[in-house]
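In what follows, a single structure is set out as structure tokens and then discussed.
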Amino acid sequence: MFLKRLECSACGLEHEWSRLQNLCHSCNKPLFAIVDLAAASGTLTRDTLLARGRSLWRYREVLPLPSDVEPVSLGEGGTPLLRASKFADDVELWIKDESLNPTQSFKARGMSVAVSMARHLGATKFAAPSAGNAGGALAAYAARAGVEAHIFMPRDTPRANVVECRELGAHVTLIEGLITDCGAEIARRRENEGWFDMSTLKEPYRVEGKKTLGYELAEQLNWQLPDVILYPAGGGTGLIGMWKAFDEMEALGWIGKDRPRMFAVQAAGCAPIVRAFEAGEKSAAEFPNANTMASGLRVPKAIGDFLMLKIIRESDGGAIAVDDEQMIRVTPEVGGKEGLFICPEGAACFAALKLLRSANKIASGERVVIFNTGSGIKYLEAYDRVSAG
Ligand SMILES: Cc1ncc(COP(=O)(O)O)c(C=O)c1O
Ligand SMILES: [Zn+2]
């Protein structure tokens, strides 16, 4: 293993990786894993990757977990990057289809790595707040690891997510409120209950799993990053993870200095990052009365807000809000043209592409990647309500 230490993403304070850690002991911000990339490059090269299996553990040297410890895996990662020329013929559009992961969403990436590492460090009971998909993924990986999962979700979370968690053996609590209320409930009880808090960015390794989105994307595009990335941002873990991956790959000598323009796509009913971006703020205030059918985007306050805002500004990208109506309209268009039943969060990115093209923020011919972060099949009640009128 080439993990050297954990470092606070805000104040830089070092933390040991060898025990269970949540936030920075000094400033309560997220911790990042620092990998010895020079050492990792001894066995991990662009060429050695060619002979490896498809799961995200093919990037093992840049992931945490001692090399003699078996990861908790269900075959996550290695998802297709599909050209989508019918939906958009004036840009070079690609879809990274994350619905093919275990439990049908990209949340599997983070949970495989985080559960592997937390189990290795001795955690026996995990707790997480979830908009839905993270809960399903945690339930699956906890079951596989033989540890308990305690999942707190808003009462109006899509039914498929709730049923899935239960069938995977998790303890499920439905809360009257939002994901932030679920997180607060865990924070209140975790010490008494002996839970390890797996909230995204409140432990250091879900973002490590998510960073493999960036590694895979570069590899699939033959080490040429796209011009633009459209990412449906709730907690923002994938956006933050990809940005970390790009820096690591540059240090490894795999890519150059150029970066995609990163866009955080949010729902108009819950757009704290868009508001903060437009107001020129460095962090985002809690978004009041959060409401959207894209449950993964119903995150009124994210602990990684300052990181998202930094990345979208540094990359010369932006933040854009899409209303539910636009997501609903674009879903069958993508379905009919490209053959994918996308989730509302993914749909938000397709709608955002149209808006950004009309505003000329994406130029004709540019290479654009959209992350379809999950499957539409988990949102039947939302889509059904619409088609039933
Ligand atoms: C399908 C889907 N897309 C996007 C998101 C937002 O993910 P992130 O926390 O990485 O911003 C979620 C989170 O629940 C989700 O379930
Ligand atoms: Zn700190």
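Working only within segment 143-155, note down all residues that are free of Cβ contacts under 8 Å to residues at least 60 places away in the same chain and more than 21 Å from LYS125 (Cβ to Cβ).
Selection gives ARG155 alone.
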Open item on the list: Tally up the residues in segment 353-381 that are under 20 Å from LEU217 (Cβ atoms) and within 13 Å of ligand 1 (Cβ to nearest atom), please.
Closed with: 6
TODO: For residues that are in contact (Cβ under 8 Å) with a residue 24 or more places away in the chain and away from ligand 1 (no atom under 16 Å from the Cβ), scanning just segment 336-350, find the one that is farthest from the chain's Cα centre (by Cα).
DONE: LYS337
Task: Which numbered condition ILE240 misses (of (1) in contact (Cβ under 8 Å) with a residue 12 or more places away in the chain; (2) more than 16 Å from ligand 2 (Cβ to nearest atom)) - done: (2)
Open item on the list: Exactly one condition in (1) touching a Cys at 6+ places or on another chain (Cβ under 7 Å); (2) surrounded by 24 or more Cβ atoms within 10 Å (Cβ to Cβ) is false for PRO300; which is it?
Closed with: (2)
Task: Unique match (being buried (at least 19 other Cβ atoms within 10 Å of the Cβ), in contact (Cβ under 8 Å) with a residue 24 or more places away in the chain and within 30 Å of GLY169 (Cα to Cα)) among LEU63, LEU37, LEU93, LEU44 - done: LEU63
Task: Residues of segment 334-371 classified as surrounded by 19 or more Cβ atoms within 10 Å (Cβ to Cβ) and not in a strand (DSSP E or B), total - done: 16
Task: Residues being away from ligand 1 (no atom under 12 Å from the Cβ) and basic (Lys, Arg) - total across segment 203-248 - done: 1
- [ ] Please work out if ILE273 is of a type in the set (A, V, I, L, M) and more than 10 Å from ligand 1 (Cβ to nearest atom).
- [x] no
TODO: Return the total of residues in segment 156-177 being within 28 Å of PHE287 (Cα to Cα) and part of a loop (DSSP other than H, G, I, E, B).
DONE: 5
Task: Any chance LEU178 is within 16 Å of ligand 2 (Cβ to nearest atom) and in contact with a Pro (Cβ under 7 Å, 6 or more places away or on another chain) - done: no
Task: Selection from segment 178-189 of residues that are assigned to a helix (DSSP H, G or I) and within 24 Å of the chain's Cα centre (by Cα) - done: ILE179, THR180, ASP181, CYS182, GLY183, ALA184, GLU185, ILE186, ALA187
Task: All positions within segment 3-15 that are away from ligand 1 (no atom under 16 Å from the Cβ) and either in a loop (DSSP other than H, G, I, E, B) or of a type in the set (Phe, Trp, Tyr) (or both) - done: ALA10, CYS11, GLY12, LEU13
Open item on the list: What's the number of the only condition in (1) on the phi > 0 side of the Ramachandran plot; (2) within 16 Å of ligand 1 (Cβ to nearest atom) that ARG298 fails to meet?
Closed with: (1)
- [ ] Considering only segment 2-44, state which residues are touching a Leu at 6+ places or on another chain (Cβ under 8 Å), away from ligand 2 (no atom under 16 Å from the Cβ) and either over 24 Å from VAL115 (Cα atoms) or modelled with pLDDT under 95 (or both).
- [x] SER41
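This table checks each residue for (1) surrounded by fewer than 20 Cβ atoms within 10 Å (Cβ to Cβ); (2) over 29 Å from LEU355 (Cα atoms); (3) of a type in the set (Val, Ile, Thr).
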residue	(1), (2), (3)
LYS202	no, yes, no
LEU221	yes, no, no
THR237	no, no, yes
MET249	no, yes, no
VAL265	no, no, yes
GLU286	yes, no, no
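The values are calculated or read from the model by the stated rules, or taken from the named source; none is laboratory data. Computed from a predicted model, the values in this text were never measured in an experiment. Counting neighbours? That spans all protein chains shown, and the Cβs are built from the backbone with ideal geometry, glycine included.
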